[in-house]
Amino acid sequence: MDRQAQFRAREVLIFQVAEQLLLENGEAGMTLDVLAAELDLAKGTLYKHFQSKDELYMLLIIRNERMLLEMVQDTEKAFPEHLAFFMLHHLHHPERTVLFHQIEEKLSITAQGVHHLFHELYQVRKQRLRIIIRMTDHYLESIQSNMTTRDYLASIWSLTHGAAAILNSSFYQRYLGSRDTLRVAYIDQALALPKQAVEQYA
């Protein structure tokens, strides 16, 4: 394996372990010292891959966004499958969804030196949204729904992130029962929304 391939392989491992530590221990428990120790690397080696913890967080968020982009580029799936995959991505790991959203909002206000990474994040997100909007337009037209694409996508986003917040809540978890049943119920609800609009205006 050449040096460049070794560098890329090490970077993938760093991101995987950093995300795991972040999700298990929260921001306070995910220090670069802890990360270096977990990977058995010198702390200086980490700085070859990112310049600060803020930059690491942004790279993790971009990595997650690229994963979502790859999912939506699968042309073999019908719209309901895409919707289910998107929601399950968030609802199987609600702690990631909640934490990444909080970190992104915080860094957009406080972080220094990562503006270029916000530009990269927004470019990936815009690319994904262009595909999603086109796909949603076709789906709503195919079922003759009167719901607008903008309203439907906003509803899906709100439902998914609200569900992630509930699934991530230690208080609400005591009352939720079967998590898989709840996840399916949220997906069914999201799929039913534009059909309810058809019935409402029929």
Restricting segment 71-95 to residues that are in a helix (DSSP H, G or I) and in contact with a His (Cβ under 8 Å, 6 or more places away or on another chain), the one farthest from R134 (Cα to Cα) turns out to be H90
When every residue in segment 104-124 that is on the phi < 0 side of the Ramachandran plot and not in a helix (DSSP H, G or I) is compared, the one surrounded by the most Cβ atoms within 10 Å (Cβ to Cβ) is V114
Identify all residues within segment 65-110 that are among the polar types (S, T, N, Q), free of Cβ contacts under 8 Å to residues at least 40 places away in the same chain and under 21 Å from Q123 (Cβ atoms); write none if there are none.
S108
Within segment 11-70, residues being outside any helix (DSSP H, G or I) and farther than 30 Å from R130 by Cα number 10
Unique match (being part of a helix (DSSP H, G or I), surrounded by fewer than 13 Cβ atoms within 10 Å (Cβ to Cβ) and not basic (K, R)) among A185, A164
A185
How about segment 32-55: which of its residues are of a type in the set (S, T, Y) and surrounded by 14 or more Cβ atoms within 10 Å (Cβ to Cβ)?
S52
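Throughout, read-outs are computed from the coordinates displayed, never taken from laboratory work. These figures come from a predicted structure and were not determined experimentally. Virtual Cβ from ideal backbone geometry, glycine too; neighbours counted across all protein chains shown.
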